[in-house]
Amino acid sequence: MNFEWLGRQFDNIVFLLGWHVLLAVTPLILGLLIALPLGWWAHRSRRIYPLLVGVAGLLYTVPSLALFVLLPLVLGTKILDPMNIVAALTIYTVALLVRVVADALDSVPEDTVQAAKAMGYRGYQSLVKVELPVGVPVISAGLRVAAVSNVSLVSVAALLGIPQLGSLFTQGFQLRFFTPIIAGIILCVVLAMILDGLIILLNRWLTPWTPKVVAS
Amino acid sequence: MINYLFDPAHWSGADGIPNLIGEHLLYSLIALAIAAVIAVPLGIYIGVTGKGVFMIAGLANALRALPSVGLLILLVLLISPAFPSKMGYILPSLIVLVLLAVPPILTNTYAGVRAVDAAAVDAARGMGFRTMKILTDVQLPCSLPLVLSGVRSALLQIISTATIAAYISLGGLGRLLIDGKAQNDYSQMVAGAVLVALLALFFDQLLAFITRRVVSPGLTRRTIKSAVAAEPVKTPVTV
């Protein structure tokens, strides 16, 4: 490791890290917001469930680099537009979470739903105040997988020239220089672990009734 | 893109599309075979004996966070000086592909063997089956759906990552994407992207078909809903 180089490159690395966080976290939030109603729909309708899960599986099959290249055709963006990455990762996140949200709602005990109904909760209130909160642990488990894989997937965008931590890899390859590559890998893994930890904390905060043991 | 795909000049020669697909498949299948040879016996061993379970959870999570582009480039810089020929690029690519493919096969094989109904194993033992025969005649056929779904995830991961390996001058369909980018030829990139996506979709469906054919019907007699639910969540393609 050449620490002197790292010191000189500090500002640039912070800039790349910032882009990486933005490109990984935005799709996570967008994906969750889209997956919640879709997952609820799949949970409600036995006919929609296999359809949505099937389409999600197919979308997941498309390799990331191919998706990054194909999206400009659909979105009308330029190949170098970071929007392509956000859109692609949002698609992956939705594909992963639709099924997770449906399964989370399925996992809510029938007694709990009946109790909510008996206490006078209407359909919408029961969903927001009872069923979704009870399903939080399942959803957050899926969200953790999406968060960690997003961080890794973002780095592929470096091959197209979109700046983020993956740029350190291509830079290191061109210069035949280990320092940026190792720094990039470490930052990616640390970023993934931090996001993962934040979701675990959020899960605990949202479900104060569960025992304080984290099953990973 | 359409013009690129239908130009006969792109369908022959060393850089022709059939050749690129062939190369892509060759690397992918070699990597899959090596990964399966490592991961299936290890998964069975861990599943049957219960030894080394801690390794499984850690491995699955740690490797998901590892950026494959970085790993690939790191290994090329480490290994290629030792091999002056083309091997200096092929070897690191194969190592990365195998590394990415082992965890899904390993974790699914382990989970599959663990999930076999203990009553079925006891029944087989009661009928006088020996440990080895229980393994080959009861535990393995029962865990086959999960093992194959692990192989399916692994193959997707490999096909996807082999595309990226073109960046460090591996052959295959990734060439169209990387060379297209270098030459500012967007239609070539799109043609490559479409072909890679189709290749992945085709092999995913092929493995789904094989799974339906080889899994014992006794294991798949479920209601429609639970049949969908029984298909394990795909592990994300982290490339």
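Before moving on, here are some points about what is shown:
- Burial ordering of A:Met1, B:Met189, A:Met193, fewest other beta-carbon atoms within 10 Å first: A:Met1, A:Met193, B:Met189
- Inverse of mean 1/r across different Cα pairs in the stretch A:117-216, Kirkwood, Å: 16.2
- Top of A:Ser126, A:Ser140, A:Ser152 by mean-square fluctuation, Gaussian network on chain A, Cα under 10 Å: A:Ser126
- The Stokes-Einstein estimate for the stretch B:21-99, based on a Kirkwood radius over Cα pairs and taken at 10 °C with 1.306 mPa s viscosity, is a diffusion coefficient of 111 µm²/s.
- Two-decimal Rg to Rh for the stretch A:15-59 - Kirkwood Rh, Cα set: 1.20
- Unit Cα scatterers, Debye sum, the stretch B:57-98: log10 I(q)/I(0) for q = 0.14, 0.21, 0.25, 0.28 Å⁻¹: -0.35, -0.64, -0.80, -0.90
- 3J(HN,Hα) from dihedral phi, the stretch A:64-79, Karplus parametrisation 6.51/-1.76/1.60, rounded to Hz, x for glycine, proline: 4, 4, 4, 5, 4, 6, 7, 4, x, 5, 7, 8, x, 8, 7, 4
- Sparse-neighbourhood loop sites, trypsin sites (Lys or Arg not before Pro) in the stretch B:25-131 - DSSP loop, at most 14 other Cβ within 10 angstrom: B:Lys51, B:Lys86, B:Arg130
- Alpha carbon centroid spacing (whole Å) that separates the stretch B:107-121 from the stretch A:151-216: 33
- Packing, as the average of other Cβ atoms within 10 Å across residues, places the peptides B:96-102, A:44-50 in the order B:96-102, A:44-50, highest first.
- A convex hull fitted to the Cα coordinates of the protein assembly as shown yields 177 cubic angstrom per residue.
- Temperature 25 °C, viscosity 0.890 mPa s: under these conditions the Stokes-Einstein estimate for the stretch B:114-156, based on its Kirkwood radius over C-alpha pairs, is 221 µm² per second.
- Shielding score for A:141-153, defined as the mean number of other chain Cβ atoms within 10 Å: 4
- Candidates B:Gly88, B:Gly126, B:Gly43, ranked by Gaussian network fluctuation over chain B, Cα under 10 Å, top entry: B:Gly126
- For the stretch B:1-49, the C-alpha radius of gyration divided by 2.2 N^0.38 Å, with N the number of residues, is 1.92.
- Residue exposure sequence - B:His24, B:His10 - by fewest surrounding Cβ within 10 Å: B:His10, B:His24
- For the Cα trace of chain B, dividing Rg by the Kirkwood Rh returns an Rg/Rh value of 1.05.
- For chain A, dividing the convex hull volume of the Cα atoms by the residue count gives 140 Å³ per residue.
- Dmax and Rg, reported as Rg then Dmax, of the stretch B:108-213 (C-alpha, Å): 20.8, 68
- The aspartates and glutamates within cross-link reach of B:Lys181, meaning a Cα-to-Cα straight distance under 18 Å and a gap of 8 or more places when in the same chain, are A:Asp81, B:Asp15.
- Cβ-to-Cβ counts within 10 Å put B:Leu25, B:Leu173 in ascending order as B:Leu25, B:Leu173, the fewest first.
- Per residue, the convex hull spanned by the alpha carbons of the stretch A:39-154 comes to 112 Å³.
- Rh (Kirkwood; distinct C-alpha pairs) - the stretch B:43-168, Å: 16.4
Read-outs: derived from the displayed coordinates by stated rules, not from any lab. All values derive from a computational prediction rather than experimental measurement. Note: ideal-geometry Cβ built from the backbone for every residue, glycine included; neighbour counts use all protein chains shown.
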